[in-house]
Amino acid sequence: MKIGVNTDIAITYLLARKRQTAVAALGVTFGISMYIFINSIITGTNEYFEKATLNTTPHIRLYRDNETCNTSMLDRFAGKQTINLISNPQLVPEDNRFYNPQSVVSQVKQNKEVREISMQVTANVIYSSSTVEQNGTVYGVNILEQDKMFDIESTMLSGSVRDLDKSIDGILIGSGLARKLSLKSGDRVRLACFNGSSKMLRVVGIFQTTIKSLDDTKTYVNIPVVQQLLQKDRNYITDIYINIQDHTRAPAVALNIARITGYTAESWQTANQQSLAARHIRDIIANAMLMAILVVAGFGIYNILNMVIYEKIKEIAILKATGFAGRHIVAVFIGQALFIGIFGSLLGLLLGYLISYFVSRIYIGVGNVTYLPMAFYTKHYMQGLLFGIITAFFAGYVPSVKASKVDPVKIIRG
């Protein structure tokens, strides 16, 4: 019975100060709407940059790293009777190739988390057309496997990845490089390697990643073309790219693959630590802003309830004199705070969604960003509602405890 009476009193107090109640509710509405909007834009931006990174970077890169000379040969020769040391150890001048790459690929495929795998070999070359020359990097790949990993087809301005797969002497060239060399599909371009070998190839397609450093230097050819340029055999492979089911597990899977194969496995997180650091900084700044907004909204509720207590102090004393316990007074004012918090939060969720939706329709048209990236996740709305209620509860708790300690005798006598 007291619960119903407490609720009735709480609603009566709220309606008695409609303007102040509306202001407090709007404070919560603004806070929650900004919480939804900022979460949407930060999450959307993070996902966009992560996707852009994974469109050019494999989840795991497997390669043979340079090794520093060690004492293993001396230890085998001298045994355990001596302690062998090397002064000023140097890198071992070895070829960074895989030994029996097909066997390595078979080992990697045994991992159930592996989704796609692609072998490749790269070389630094000089591209030349007529009298114009440009430095760059040629990637010898199985283009269909690479397309599955990076969706190269979606970046093609002319031609198709299948044109390269069908052409022995074909080449896919970046848009920036094509512009500098005045090349178009069907033209010929010469690739010269550091060892003096060269090949004349036919442009079968032009791609644009919108990343200038790649579009100005990168090309794709079939693996045998680069092997011939480097004057290596058909088993010469320098990199194996791996994509897994869950890209967030790349570090753990990379450690397992490195242990099994004996080669260096680098996760995309390790290769892009600077980008991930920037993402964490953005998240910290956004969360700090959101907490500040919610605290301001909480102070709005706190001030409204303090004013109500001051104005209704005699009525509170009468309630206590007629049998209301301190906990019932606490329930009245916390009830007011929760009404404001819930109503303001629900309105804030709606407003936040509408703001996020309309902002997501803003045309950007820069690079491959058509519209401003926004994310719409249910968890953000549930968190927003929860934070709004929690903020309102704590904003109402302090003044409600103050009201519950009112001495009815002193107030009525005064």
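If I take R0 = 45 Å and measure r between the Cβ atoms of Met307 and Gln273 in this structure, what FRET efficiency does the formula 1/(1 + (r/R0)^6) give, to the nearest 0.05? Plugging the Cβ-Cβ distance into 1/(1 + (r/R0)^6) gives 0.30. Compared with the direct C-alpha span, the chain from Lys212 to Ile284 gains 23.0 nm at full extension, assuming 0.36 nm per residue. Semi-axes of the equivalent ellipsoid of the stretch 158-274 are 30, 19, 13 Å, computed as sqrt(5λ) over the eigenvalues of the C-alpha gyration tensor in descending order.
Estimated from the Cβ-Cβ distance and a Förster radius of 56 angstrom, the FRET efficiency linking Val295 and Lys184 is about 0.40. Near the amide H of Thr209, within less than 5 Å, lie the amide hydrogens of Ser175, Asp215, all on another chain or at least 5 residues away, with H placed in the peptide plane. For the listed residue pairs Lys51/Lys166; Lys51/Lys212; Lys148/Lys180; Lys51/Lys148; Lys166/Lys212, the alpha carbons are over 23 angstrom apart in Lys51/Lys166; Lys148/Lys180; Lys166/Lys212. Per-residue Karplus couplings for the stretch 280-296, computed as 6.51 cos²θ - 1.76 cosθ + 1.60 with θ equal to phi - 60°, are listed in order as 5, 5, 4, 5, 5, 4, 5, 5, 5, 4, 5, 4, 5, 5, 5, 5, 4 Hz, Gly and Pro entered as x. Computed extension length for Lys379-Ala321: 16.3 nm, one decimal, from 0.36 nm per residue of separation with the Cα-Cα distance subtracted.
Computed extension gain for Lys314 through Ser160, at 0.36 nm per residue and net of the alpha carbon distance, reaches 47.2 nm.
The HN-Hα couplings worked out from phi for the stretch 146-162 by the Karplus form 6.51 cos²θ - 1.76 cosθ + 1.60 (θ = phi - 60°) are 5, 5, 5, 7, 10, 6, 5, 4, 5, 9, 6, 8, 8, x, 8, 5, 5 Hz, whole numbers, x standing for Gly and Pro.
We did not get these values from a lab; they are worked out from the coordinates using the rules stated. What you see is a predicted model; the values in this text were computed from it and never measured. Don't worry about glycine lacking a Cβ; one is built from the backbone with ideal geometry, like all the others, and counts go over all protein chains shown.
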